[in-house]
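Engineer: The structure under discussion is supplied below as structure tokens; questions concerning it will follow.
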Amino acid sequence: MILSVVIITLNEEANIGRALTSVQPLIAGGKGEIIVVDSGSTDRTVEIAKSFGAKVFIEGWKGYAAQKNSAIDKAEADWILSLDADEELGPGLAGEVMAIEEARARGGTSSPIGFWIPRKNFFLGRWIKHGGFWPDPKMRLFRKGGARFEKRLVHEDAKLKEGISGQLKHALVHHSYPTLADYIDHMNRYSSLGAEMAVASGRRGFSLFNIVLRPLATFIYNYFFRLGFLDGREGLLLHLYHAVYVSWKYAKAWELSREKST
């Protein structure tokens, strides 16, 4: 077995079929497997995953990084491709991954241990090309045992333990926020997790800079200096509400620290 595709899920029936359809060329003919670690979906996520032949494991939620590392630990193939449920392989990416597998099979000890894959992020149906959202490279393809996800509450990334990394040309497609409600709900959850991280790192006081000025600076930097305005109305809304997320995070950090001090 060459490749294990690993995904964590919770109520992803709207996305999981698209993701698993996109990886079929990589696992066909016994070349690979699909590992899904589900944290208690109440919709058809598990049913859909099993219809694609996935090995499904039901586990309590341990946090993003721990959940993804648990999925990695269950992989049996030589290489691992880690996906989010709302992602899919874009045009040409499956072929590029297969070419790497074939090259590895022919030998070559100096080959990379892992590969960065660019990611196209879609917001309200529009590919966001500016403001720091492209090419958004992610370490998602790596040799078994070669990488782990960082122990962070949020914004976790896979890190190589050693060796060199390569860069793929074709992209993942990230259907991140199809509606504003999805985005606001996501930012509310992430700001709470980010607040916990901020408190753990020592940020405890009420900071006018962090709650007011930092969000404003974030918006100006991403929307103007990083050309986010070129992404139209969608770009405006994305960067406006991302700045709100920054304010929420530090306000919640102050709230948490106040609760802990009482």
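The values are calculated or read from the model by the stated rules, or taken from the named source; none is laboratory data. No experiment lies behind these values; they were computed from the predicted model shown. Neighbour counts run over all protein chains shown; Cβ positions are idealised from the backbone, glycine included. For the accessible areas, the whole protein counts, side chains as well, though only heavy atoms, and no ligand, DNA or RNA atoms are used. Shrake-Rupley method; radii C 1.70, N 1.55, O 1.52, S 1.80 Å.
Engineer: If a residue has to be under 30 Å from Leu124 (Cβ atoms), open to solvent by 50 Å² or more (accessible area, probe 1.4 Å) and either among the polar types (S, T, N, Q) or touching an Asp or Glu at 6+ places or on another chain (Cβ under 8 Å) (or both) to count, how many in the range 151-166 make the cut?
Structural biologist: Total meeting the criteria: 2.
Engineer: If you don't mind, another one. Can you report the number of residues in the range 128-145 which are open to solvent by less than 20 Å² (accessible area, probe 1.4 Å) and not aliphatic (A, V, I, L, M)?
Structural biologist: 3
Engineer: Would you confirm whether or not the range 196-212 contains a residue that is closer than 23 Å to Ile16 by Cα, over 17 Å from the mean Cα position of the chain (by Cα) and assigned to a loop (DSSP other than H, G, I, E, B)?
Structural biologist: Taking the range 196-212 first, the residues closer than 23 Å to Ile16 by Cα are none.
Taking every residue of the range 196-212 in turn, none turns out to be closer than 23 Å to Ile16 by Cα, over 17 Å from the mean Cα position of the chain (by Cα) and assigned to a loop (DSSP other than H, G, I, E, B).
Engineer: Which residue, of Ser191, Ser257, is among the polar types (S, T, N, Q) and surrounded by fewer than 20 Cβ atoms within 10 Å (Cβ to Cβ)? Reasoning before the result, please.
Structural biologist: Values: Ser191 fails: surrounded by fewer than 20 Cβ atoms within 10 Å (Cβ to Cβ).
Residue meeting the stated conditions: Ser257.
Engineer: Ok, one more. Output the number of residues of the range 167-181 satisfying the condition of being within 15 Å of Arg119 (Cα to Cα) and surrounded by fewer than 18 Cβ atoms within 10 Å (Cβ to Cβ).
Structural biologist: Of the residues in the range 167-181, 3 are within 15 Å of Arg119 (Cα to Cα) and surrounded by fewer than 18 Cβ atoms within 10 Å (Cβ to Cβ).
Engineer: Looking at (1) within 30 Å of Gly92 (Cα to Cα); (2) outside any strand (DSSP E or B); (3) open to solvent by 70 Å² or more (accessible area, probe 1.4 Å); (4) modelled with pLDDT of 95 or more, find the lone condition where Arg148 falls short.
Structural biologist: (2)
Engineer: In the range 63-79, which residues are surrounded by 17 or more Cβ atoms within 10 Å (Cβ to Cβ) and outside any helix (DSSP H, G or I)?
Structural biologist: Ala75, Ala77, Trp79
Engineer: Mind checking which pairs have a first residue in the range 233-252 that is more than 20 Å from Gly205 (Cβ to Cβ) and a second that is among the charged types (D, E, K, R), Cβ under 7 Å, 6 or more apart or different chains?
Structural biologist: Once the first residue is more than 20 Å from Gly205 (Cβ to Cβ) and sits in the range 233-252, its partners that are among the charged types (D, E, K, R) give Glu234/Arg126.
Engineer: While we're looking at this one, here's another question. Listed residues Ile211, Ile117, Ile184; which is modelled with pLDDT of 95 or more, open to solvent by less than 80 Å² (accessible area, probe 1.4 Å), under 19 Å from Ile72 (Cβ atoms) and among the β-branched types (Val, Ile, Thr)?
Structural biologist: Working: Ile211 fails: under 19 Å from Ile72 (Cβ atoms); Ile184 fails: under 19 Å from Ile72 (Cβ atoms).
One residue alone meets the criteria, Ile117.
Engineer: Now for a separate question. Do you know which residues across the range 118-145 are part of a strand (DSSP E or B), more than 24 Å from Ile220 (Cα to Cα) and under 16 Å from the mean Cα position of the chain (by Cα)?
Structural biologist: Listed by number, the residues that qualify are Lys138, Met139, Arg140, Leu141, Phe142.
Results for (1) at pLDDT below 95; (2) aliphatic (A, V, I, L, M); (3) in a helix (DSSP H, G or I), shown as yes or no for each residue.
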residue: Ala217; (1), (2), (3): no, yes, yes
residue: Tyr221; (1), (2), (3): no, no, yes
residue: Glu234; (1), (2), (3): no, no, yes
residue: Arg258; (1), (2), (3): yes, no, yes
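Engineer: Separate question: Can you name the strands (runs of 3 or more DSSP E) wholly within the range 1-62 that have at least 2 residues being farther than 22 Å from Ala105 by Cβ and open to solvent by 60 Å² or more (accessible area, probe 1.4 Å)?
Structural biologist: 55-58
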